[in-house]
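The block underneath contains the structure these notes are about, expressed in structure tokens.
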Amino acid sequence: MKLKKTLFATTAAAVLFATGALAQTTTLRIQTHYAPETISGTNAAQFVDDVQAMSNGEIQIEMFYSSSVVKSVETFDAAATGILDCDMTGGAYQTGKNPAFQFVGDIMGGYDTPYQQLSWLYYGGGLEAAQELYNKYDMQLIGWWVVGQESLASTKQIAGVDDLKDWKFRSPPGLETEIFASLGAKPTVMDFTEVFTALETGIIDGADASILANNKGMGLYDIAKHATYPGFHSMPSDHLACNKAKWDAMPEHHRRIMEVAMEKLALRQAMASEKANNEAVAELKAAGVTVHNWSEEDRAAFRKVAQDAWEGWAEKTPEARALVDSHKAYLKQLGLLSE
């Protein structure tokens with residue numbers, strides 16, 4: 001009789017599991033700043049589909065595109081406080097909270113390729129170092145996706161470091177303005193939406209806007225007939241960061257699915273951007289745009305000035321110091337930093 005009861009209970013549990021009655025479910029509200037029709041937006045949608053399919057529907061994601069719930073810069077706090085569950089924007093939006101976020105958002109003058117930058121996260125101790133920063137603000141860093149090297153657009157030749165002297169260009173605020181100003185440029189902070197008109201009217205000579213393909217799509221090279229490619233100065237990392245309490249409450253297999261899907265997203269994003277950029281550079285050259293590939297010497301000179309600026313930021317908080325030291329140690333391993 002006891003054996004029958006045990007068999008019955010085991011069978012009943014198996015049936016319940018098979019029908020999903022015992023399955024744990026997770027519902028996530030995630031916001032990204034990307035529009036659904038962009039390369040990044042398309043890949044974000046694929047991430048959602050992958051997670052839901054791999055979890056057999058146990059994880060359901062509602063993705064809010066184009067920062068439709070809160071402003072992009074407010075996404076992190078909205079997730080930390082439970083208005084959303086996860087933030088799929090980027091750490092660079094949070095430098096006002098802690099300068100350390102610069103070094104998980106846009107490292108500036110660090111790595112040459114997305115693959116090197118991603119490898120810091122997974123093989124250079126970066127995830128552990130960054131996790132301490134995110135946990136400090138009740139968030140969990142799940143992973144990165146790196147769009148690729150950004151390219152400069154210019155109405156003047158920009159073939160190397162010497163050409164930056166007195167070059168007026170649109171720059172995002174913060175670390176980048178310090179680096180370029182040190183090299184003799186005249187950075188002007190302005191909204192992304194003002195770039196085209198400012199170039200057209202001659203207010204600026206050039207712009208740091210996005211990757212080559214996106215710059216082309218914006219029409220910048222209709223006016224600016226010089227481009228840098230491959231890019232060297234900036235390679236923003238977008239993140240997926242989730243409310244830590246929400247993350248900790250998820251079953252282990254749900255967390256693992258999310259992490260693996262992020263690694264796929266990162267690879268697909270890097271490949272898609274590289275393909276789009278290579279197509280764009282061929283079309284731009286055919287259209288008469290001069291594409292400047294900086295020499296190793298000029299790249300090294302830029303990297304040296306950039307990393308001098310890192311040191312100033314590293315002194316601002318212990319978390320910033322920890323991340324700068326982590327990057328420098330790994331860059332030395334890769335042979336990109338000799339000091």
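Which one of these is surrounded by fewer than 21 Cβ atoms within 10 Å (Cβ to Cβ), within 20 Å of the chain's Cα centre (by Cα) and either in the same structural domain as V104 (by TED's automatic domain parsing) or of a type in the set (D, E) (or both): E263, E283?
Numbers: E283 fails: within 20 Å of the chain's Cα centre (by Cα).
Only one candidate qualifies: E263.
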Go through P172, P187 for me and flag whichever is under 27 Å from I30 (Cβ atoms) and outside the structural domain of S72 (by TED's automatic domain parsing). P172
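Yes/no per residue for (1) touching a strand residue (DSSP E or B) at 6+ places or on another chain (Cβ under 9 Å); (2) polar (S, T, N, Q); (3) at pLDDT 95 or above:
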{"residue": "D208", "(1), (2), (3)": "yes, no, no"}
{"residue": "G217", "(1), (2), (3)": "no, no, no"}
{"residue": "A227", "(1), (2), (3)": "yes, no, yes"}
{"residue": "G231", "(1), (2), (3)": "yes, no, no"}
{"residue": "A241", "(1), (2), (3)": "yes, no, yes"}
{"residue": "D248", "(1), (2), (3)": "yes, no, yes"}
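To keep it simple, each residue is scored yes or no on (1) surrounded by fewer than 21 Cβ atoms within 10 Å (Cβ to Cβ); (2) at pLDDT below 95; (3) touching a Pro at 6+ places or on another chain (Cβ under 7 Å); (4) among the hydrophobic types (A, V, I, L, M, F, W, C).
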{"site": "L121", "(1), (2), (3), (4)": "no, no, no, yes"}
{"site": "D166", "(1), (2), (3), (4)": "yes, no, no, no"}
{"site": "K186", "(1), (2), (3), (4)": "yes, no, no, no"}
{"site": "F192", "(1), (2), (3), (4)": "yes, yes, no, yes"}
{"site": "I204", "(1), (2), (3), (4)": "no, no, no, yes"}
Identify, by number, the condition in (1) surrounded by fewer than 23 Cβ atoms within 10 Å (Cβ to Cβ); (2) modelled with pLDDT of 95 or more; (3) in a loop (DSSP other than H, G, I, E, B) that N135 doesn't meet. (3)
Pair list, Cβ < 9 Å and 6+ apart or interchain, from region 278-300 residues that are basic (K, R) to residues that are surrounded by 16 or more Cβ atoms within 10 Å (Cβ to Cβ) and part of a loop (DSSP other than H, G, I, E, B): R299/G109; R299/D112; R299/F232
What pairs can you find where one residue is in region 129-142 and over 11 Å from A100 (Cα atoms), the other is part of a helix (DSSP H, G or I) and of a type in the set (S, T, Y), and their Cβ atoms are less than 8 Å apart, with a gap of 6+ or different chains? Q140/Y134; L141/Y134
In region 169-179, residues that are without any contact (Cβ under 8 Å) to a residue 40 or more places away in the chain and either crowded, with 22+ Cβ neighbours inside 10 Å or touching a Ser or Thr at 6+ places or on another chain (Cβ under 6 Å) (or both) total 4
Inter-residue pairs, beta-carbon under 6 Å, first farther than 17 Å from A53 by Cβ and in region 247-274, second of a type in the set (A, V, I, L, M) and in a helix (DSSP H, G or I), 6+ apart: A266/L118; A272/I39
Please specify each residue of region 147-163 satisfying the condition of being crowded, with 16+ Cβ neighbours inside 10 Å, part of a helix (DSSP H, G or I) and not β-branched (V, I, T). D163
Identity of the residue in region 62-78, modelled with pLDDT under 95 and of a type outside the set (S, T, Y), that ends up surrounded by the fewest Cβ atoms within 10 Å (Cβ to Cβ): K71
From E297, E311, grab the single residue that is surrounded by fewer than 20 Cβ atoms within 10 Å (Cβ to Cβ), out of contact with any strand residue (DSSP E or B) (no Cβ under 6 Å at 6 or more places or on another chain) and within 30 Å of E74 (Cα to Cα). E311
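Among the candidates T81, T113, single out the residue that is surrounded by fewer than 23 Cβ atoms within 10 Å (Cβ to Cβ), in the same structural domain as L240 (by TED's automatic domain parsing) and under 25 Å from G312 (Cα atoms).
Working: T81 fails: under 25 Å from G312 (Cα atoms).
Of T81, T113, the one residue that is surrounded by fewer than 23 Cβ atoms within 10 Å (Cβ to Cβ), in the same structural domain as L240 (by TED's automatic domain parsing) and under 25 Å from G312 (Cα atoms) is T113.
The values are calculated or read from the model by the stated rules, or taken from the named source; none is laboratory data. The shown structure was predicted, so the numbers you read here are calculated from the model rather than taken from an experiment. Glycine gets a Cβ as well: all are built from the backbone with ideal geometry, and neighbour counts include every protein chain shown.
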